[in-house]
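**Student:** This is the structure I have questions about; it appears just below.
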Amino acid sequence: MGVGCSSSLPPTVNNPHCSITFPHTSAHTNPTSNHLPINWLARAHLQKPTKSPISKRLFTLDSARKTPTLKCGRTAQMEIEGGSDSKPILDLHSLDDNLVQKMVYDALVWSSLHGLVVGDRNVQRSGTVPGVGMVHAPFALLPTVFPENQWKLACEVAPIFNELVDRVSLDGKFLQESLSRTKKVDAFTSRLLDIHSKMLEINKKEEIRLGLHRSDYMLDEKTKLLLQIELNTISTSFPGLGSVVSELHRSLLKNYGEHLGCDVNCTPSNDAANRFSEALAKAWIEYNNPKAVIMVVVQPEERNMYDQHWLSFNLKERYPFILFMTQPLTLKNPFNTHNVTMIRKTMAEIDKEGEIQPDGTLLVGGHAIAVIYFRAGYAPTDYPSEAEWRARLLMEHSSAIKCPSISYHLTGTKKIQQELAKPNVLEKFIDNKEDIAKLRKCFAGLWSLDDADIVDTAIEKPHLFVMKPQREGGGNNIYGDDVREALLRLRKDGKEQNAAYILMQRIFPTDSATFLVRDGSCHKDHAVSELGIYGAYLRNKDKVIVNERSGYLMRTKVSSSNEGGVAAGFAVLDSLYLT
Ligand code: ADP
Ligand code: MG
C-alpha cells in the first residue's frame, strides 16, 4: 500500500464564492415571506467570487512559549497572541513532508487495527463477505477547524429537530398534502405515500417510535451562519466509522502533539456508535420480548457494512454491560440473561421469510423482530421488484418498532424540509417560540418551483442555487449551469414536473488546505466540510425515553466537487478541531 504524499497544488478550484446575504429563510429575517429579497441578488451580482488561498497558515506562535503551535488543526490562521501584526511561521506547504508521511503511515496502520474500514470495490466479495477485501475508509489526515460556538448551536438544536420529526410524523394529513403534487410526478415518493395512506386507512398507531437522525450543516463563509443542508431520518450513515475517525485524529494529535503543538482536547470524542446502539437497545427493552431480535435491513451488497457492524458489535458485546451498570434490573431489563442480537436481512429476504402473527409480531426466518433498523430502503434502486415493496409494507403492518416508520421516512424528504421552512409552519408543530427561532436560524433559503420569481432568479444566477429532487443517498442534485438548463426544460414541459424538485440557496463554506487520504495515498487539496449532528429519539406513548444529540460526523470534500457523500466517493471522513 503506497503512502506517497503528493504535496502538489490542487487543480483549479471552480467554486464560485459569492458574497451574498441570503434571507435565512425567509421567515427568520422576514416572517411573512420566504421569498428571496431582491437586494441580496444585487449584492451577489456585484461582488466578485472570492477564494481563500491554499496556503492557509497552520501554526500559531504561542506567545508564552515562543514555540510554533498548531493552534487549531489544519486551517488555523497564524496569529501572535496579543499582537496585531500576525506573521506566518509555518504554512501547510512547509509542514515537513517526512512528518506528514509518518503520520499518514501511522494513520493507515491505526485504521486497519481499529476497524476504520470499508469494502474494497476492487474485490468482488467485499460487499457480501465480512473480512474479505477491506480497505481503510477515506479520511482527512488532521481534523478540521470549526468554531466551538457554531458546534454548540448545532448540538443544541438536535433534540428540537428530534421532537419536530416526531410531531410532524403524527400529522398524516400534512405529509400527504405537502407531498400530493410530488406524488404525481415521482413514482418512488408515490409508492412511499401509498404505504403511508394504507397505514392511515387502518388507523395504524406507532406507539413506540425510534428515530436515529442526522442533521447536516455547512457554515456559510460570508454570513457565518450554520445552515442546514438536510435532515436525514432514514439510514443515517457513519455513526460507526465517524466515531472511529475521531479516535484516529485524537490518537494522531496525542502522538504528534509535540510536533504539531496542538491540544487533543479540542477534538471532541465522538460517541455516535454508542449512543445509537444504546437507543436501539432501549427500544428493544420497550418492545419487551426478551426473545426478539433487532433486524438491520441491508442492501444485498454493502461495502459500508463495517459502519453497521460497529452497532451490532456494541449491542452484542458492550451494551449489556453498560445497561447493567446504569439501570436497575427489572423484568423489563433482563440483561443478566440476554444480549441483544442483531440480524441482517435484505428486503427480498424479508419478503421471502417474513410473516406477521395474529398479535402483530413480525417473524423473519423464525426470529421475532423487536426493532427494524433500516440501512436500505431509501432509494428506488433498493426496490428492484415488487418483492421489496411487499416487504416494506409487511414491516409497516407489523408491531415491530420501525426505525424509521414510513411517517418518519416521509418527514425527512426534501419537500417536507422546504414546507417546514415556510412561514408559520413550524408553529403548527412546536410551541416554544425560542425553539422555533433556533430552528429557523439554521434554515437556508428553500423554495418550491411554483415560485415564478425565484425560478427566474435561479435561471439568471444558477450558481447561487441547488436544485434537489426527492432523493437520498448522494449524486442526485443539480448545480451550476445545469440548474438553468433544468429549469428552462421544466418550463417547456409544463408545470406538473415542478413538484419533483425543490430549489435551495447554495451555501458556500470556507475552503481550506487539507490532506485527504484515500486508497493509501495522501494528497493535499482545497476542501470544504459538512458537519452532521446525530440525534436519537425514543418514545413510548407519552413517555420520551431518549431525546438527545448523539455524536457527530464531519465530512470533507474537495471544494471543486458539488456533492458530498463519503460512500458515493466524493468526501472523506473527518472530525472537528474546536476553536
Ligand atoms: P442527499 O440526500 O443526496 O445526501 P443532500 O441534500 O445532503 O442530499 O445533498 C448532497 C450533497 O450536496 C451535500 O452533502 C452537500 O455536499 C451538497 N449540497 C446539498 N445542498 C447544498 C447547498 N444548499 N449548498 C451547497 N452544497 C449543498
Ligand atoms: Mg445528504
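The values are calculated or read from the model by the stated rules, or taken from the named source; none is laboratory data. Please read these numbers as outputs of a predicted model, since none were measured by experiment. Here the Cβ positions follow ideal geometry from the backbone for every residue, glycine too, while neighbour counts run over all protein chains shown. Protein only, heavy atoms only, side chains kept; ligands, DNA and RNA dropped before computing areas. Shrake-Rupley method; radii C 1.70, N 1.55, O 1.52, S 1.80 Å.
**Student:** So how many residues does segment 142-155 have that are in contact with a strand residue (DSSP E or B) (Cβ under 8 Å, 6 or more places away or on another chain) and in a helix (DSSP H, G or I)?
**Tutor:** Qualifying residue count for the region: 6.
**Student:** Continuing with the same structure: How do the helices (runs of 4 or more DSSP H) wholly within segment 425-477 filter down when requiring 1 or more residues that are small (Gly, Ala, Ser) and closer than 21 Å to Asp186 by Cβ: which remain?
**Tutor:** 452-460
**Student:** Out of everything in segment 283-295 that is in contact with a strand residue (DSSP E or B) (Cβ under 8 Å, 6 or more places away or on another chain) and surrounded by fewer than 23 Cβ atoms within 10 Å (Cβ to Cβ), what residue ends up being farthest from Leu363 (Cα to Cα)? Steps first, answer last, please.
**Tutor:** Here is the first cut: in segment 283-295, the ones in contact with a strand residue (DSSP E or B) (Cβ under 8 Å, 6 or more places away or on another chain) are 283-284, 286-287, 289, 291-295.
Narrowing the set further to residues that are surrounded by fewer than 23 Cβ atoms within 10 Å (Cβ to Cβ) leaves 286-287, 289, 291-293.
Details: Glu286: 18, Tyr287: 14, Asn289: 13, Lys291: 11, Ala292: 9, Val293: 10 Å.
Out of the qualifying residues, it is Glu286.
**Student:** Could you pull out the residue among Thr510, Thr556, Thr514 that is modelled with pLDDT of 90 or more, within 16 Å of ligand 1 (Cβ to nearest atom) and either in contact with a helix residue (DSSP H, G or I) (Cβ under 6 Å, 6 or more places away or on another chain) or open to solvent by 10 Å² or more (accessible area, probe 1.4 Å) (or both)?
**Tutor:** That would be Thr510, the only listed residue that is modelled with pLDDT of 90 or more, within 16 Å of ligand 1 (Cβ to nearest atom) and either in contact with a helix residue (DSSP H, G or I) (Cβ under 6 Å, 6 or more places away or on another chain) or open to solvent by 10 Å² or more (accessible area, probe 1.4 Å) (or both).
**Student:** What is the number of the single condition among (1) assigned to a helix (DSSP H, G or I); (2) under 13 Å from the mean Cα position of the chain (by Cα); (3) surrounded by fewer than 24 Cβ atoms within 10 Å (Cβ to Cβ) that Asp216 does not meet?
**Tutor:** Just one mismatch for Asp216, condition (1).
**Student:** Related question: Can you tell me which residue in segment 244-266 is least open to solvent (accessible area, probe 1.4 Å), limited to those that are in contact with a Ser or Thr (Cβ under 8 Å, 6 or more places away or on another chain) and either within 11 Å of ligand 1 (Cβ to nearest atom) or of a type in the set (Gly, Ala, Ser) (or both)?
**Tutor:** Filtering first and then ranking leaves Ser246.
**Student:** Do the conditions hold for Asn203, that is, is it more than 22 Å from the chain's Cα centre (by Cα), on the phi > 0 side of the Ramachandran plot and either surrounded by fewer than 18 Cβ atoms within 10 Å (Cβ to Cβ) or within 16 Å of ligand 1 (Cβ to nearest atom) (or both)? Spell out the reasoning first.
**Tutor:** Values: more than 22 Å from the chain's Cα centre (by Cα): yes; on the phi > 0 side of the Ramachandran plot: yes; either surrounded by fewer than 18 Cβ atoms within 10 Å (Cβ to Cβ) or within 16 Å of ligand 1 (Cβ to nearest atom) (or both): yes.
Yes, satisfied.
**Student:** With respect to Ala567, is the statement that it is crowded, with 24+ Cβ neighbours inside 10 Å and either more than 10 Å from ligand 1 (Cβ to nearest atom) or at pLDDT below 95 (or both) true?
**Tutor:** On the way: crowded, with 24+ Cβ neighbours inside 10 Å: no; either more than 10 Å from ligand 1 (Cβ to nearest atom) or at pLDDT below 95 (or both): yes.
For Ala567, the condition - crowded, with 24+ Cβ neighbours inside 10 Å and either more than 10 Å from ligand 1 (Cβ to nearest atom) or at pLDDT below 95 (or both) - is not met.
**Student:** Mind listing just one residue for me: the one in segment 464-476 that is over 19 Å from Leu179 (Cβ atoms) and more than 9 Å from ligand 2 (Cβ to nearest atom) and, of those, most open to solvent (accessible area, probe 1.4 Å)?
**Tutor:** Among those residues, the one meeting the criterion is Gly475.
**Student:** Touching an Asp or Glu at 6+ places or on another chain (Cβ under 8 Å), at pLDDT 95 or above and within 16 Å of ligand 2 (Cβ to nearest atom), is that true of Arg539?
**Tutor:** Details: touching an Asp or Glu at 6+ places or on another chain (Cβ under 8 Å): yes; at pLDDT 95 or above: yes; within 16 Å of ligand 2 (Cβ to nearest atom): no.
For Arg539, the condition - touching an Asp or Glu at 6+ places or on another chain (Cβ under 8 Å), at pLDDT 95 or above and within 16 Å of ligand 2 (Cβ to nearest atom) - is not met.
**Student:** Ok, one more. Taking the criterion of being away from ligand 2 (no atom under 16 Å from the Cβ) and either assigned to a strand (DSSP E or B) or buried (at least 23 other Cβ atoms within 10 Å of the Cβ) (or both), would at least one residue in segment 488-499 satisfy it?
**Tutor:** Kept after step one, since they are away from ligand 2 (no atom under 16 Å from the Cβ), are these residues of segment 488-499: 488-499.
Keeping just the survivors that are either assigned to a strand (DSSP E or B) or buried (at least 23 other Cβ atoms within 10 Å of the Cβ) (or both) gives none.
Looking through segment 488-499, none of the residues is away from ligand 2 (no atom under 16 Å from the Cβ) and either assigned to a strand (DSSP E or B) or buried (at least 23 other Cβ atoms within 10 Å of the Cβ) (or both).
**Student:** Still on this structure, please answer the following. Looking only at segment 219-237, which residues are away from ligand 2 (no atom under 11 Å from the Cβ) and either open to solvent by less than 10 Å² (accessible area, probe 1.4 Å) or in a strand (DSSP E or B) (or both)?
**Tutor:** If the condition is that a residue be away from ligand 2 (no atom under 11 Å from the Cβ) and either open to solvent by less than 10 Å² (accessible area, probe 1.4 Å) or in a strand (DSSP E or B) (or both), then Leu219, Asp220, Leu226, Leu227, Thr233 are the ones that fit.
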